[in-house]
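I have placed the structure first, in the form of structure tokens, so that the comments after it can refer back to it.
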Amino acid sequence: MKSKVYAVKQGRETGIFATWEECEKQTKGYAGAKFKSFSTAQEAIAWLKDEAEGTMQENAMYIIYTDGSCLRNPDGPGGWAAILTETATGRTTELYGGHPCTTNNRMELTSAIAALSHIEKPSTIELYTDSQYLKNAFTKRWLHNWERNGWKTATGGDVKNKDLWVNLRELFQKHHVNFHWVKGHAGNKKNERCDHLAKNEALKFLT
């Protein structure tokens, strides 16, 4: 009997799973879960390619989750974390660090910089973040407009975190990055793991 594959569009983790048991772990008890079984991986990938929710790249080389944390935002101790999975091998790498005086947004951007800098060769990447600040700067062309306006906002103020945005812009020119937004603290295991690692890094400055 030919085995099926399972695609999860909304769940604790999204993507393609080889068994029903794996699929069920991501969807059982998850409000608004969307999943479906298919005869082939190609059919599953086609179903996941939904422009309204972010296009899943069939040739993605890495899947990355990032998160940042600041215990007293702004100007308190903060931490960042990223989880990188190489799709060809399944190998997972965890990166993390912190700063004694920072902001939540700086930690969110730093986590993405660390993750993308870790990948040496130009790659196609699926990046999952719970930061609209990070995602929208690229998907809504905020960054493009800031640069065009001489690093000024629409209201004429200076763009915050310019140093990090410049670094990110260079990394995004190297890689092809496709964004996915995930709701924070909603049961996504890798997002929760990033949050845990980031907070632990921030707490180190209080001990």
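The values are calculated or read from the model by the stated rules, or taken from the named source; none is laboratory data. As the structure is a computational prediction, the values presented were derived from the model and not from experiment. Backbone-built Cβ (ideal geometry, glycine too); neighbour counts: all protein chains shown. Just so you know, the surface numbers come from the protein's heavy atoms only, side chains and all, with ligands and any DNA or RNA stripped out. Shrake-Rupley method; radii C 1.70, N 1.55, O 1.52, S 1.80 Å.
In this structure, the pairs whose alpha-carbon distance is over 23 Å, taken from Lys135/Lys183; Lys25/Lys183; Lys25/Lys140, are Lys25/Lys140. Karplus-based coupling profile of region 104-119, in residue order and whole Hz: 4, 5, 5, 5, 4, 5, 4, 5, 5, 4, 4, 5, 5, 5, 5, 8, with θ = phi - 60° in 6.51 cos²θ - 1.76 cosθ + 1.60 and x standing for Gly or Pro. Accessible surface area normalised per residue over the chain is 54 Å², counting heavy atoms of protein chains with a 1.4 Å rolling probe. In order along region 194-207, phi translates into HN-Hα couplings of 4, 4, 4, 5, 5, 5, 4, 5, 5, 5, 4, 7, 9, 9 Hz, rounded to whole numbers, per the Karplus curve 6.51 cos²θ - 1.76 cosθ + 1.60 with θ = phi - 60° and x for Gly and Pro.
For region 58-154, relative contact order (Cα pairs under 8 Å, six or more residues apart, normalised by length) works out to 31 percent. The modelled label-to-label distance between Glu43 and His175, using points 7 Å beyond Cα along the C-beta direction, is 3.3 nm. When the C-alpha to C-alpha distance is required to be over 28 Å, the pairs from Lys174/Lys204; Lys34/Lys174; Lys36/Lys189; Lys34/Lys204; Lys152/Lys190 that qualify are Lys174/Lys204; Lys34/Lys174; Lys34/Lys204; Lys152/Lys190. With the highest mean first, a sort of the peptides 70-80, 139-149 on other beta-carbon atoms found within 10 angstrom per residue produces 70-80, 139-149. Dividing the mean sequence gap of close Cα pairs (under 8 Å, 6+ apart) by how many residues the chain holds gives a relative contact order of 23 percent. Taking the accessible area of region 57-198, probe 1.4 Å, and keeping the other protein chains in place, the carbon and sulfur fraction comes to 48%.
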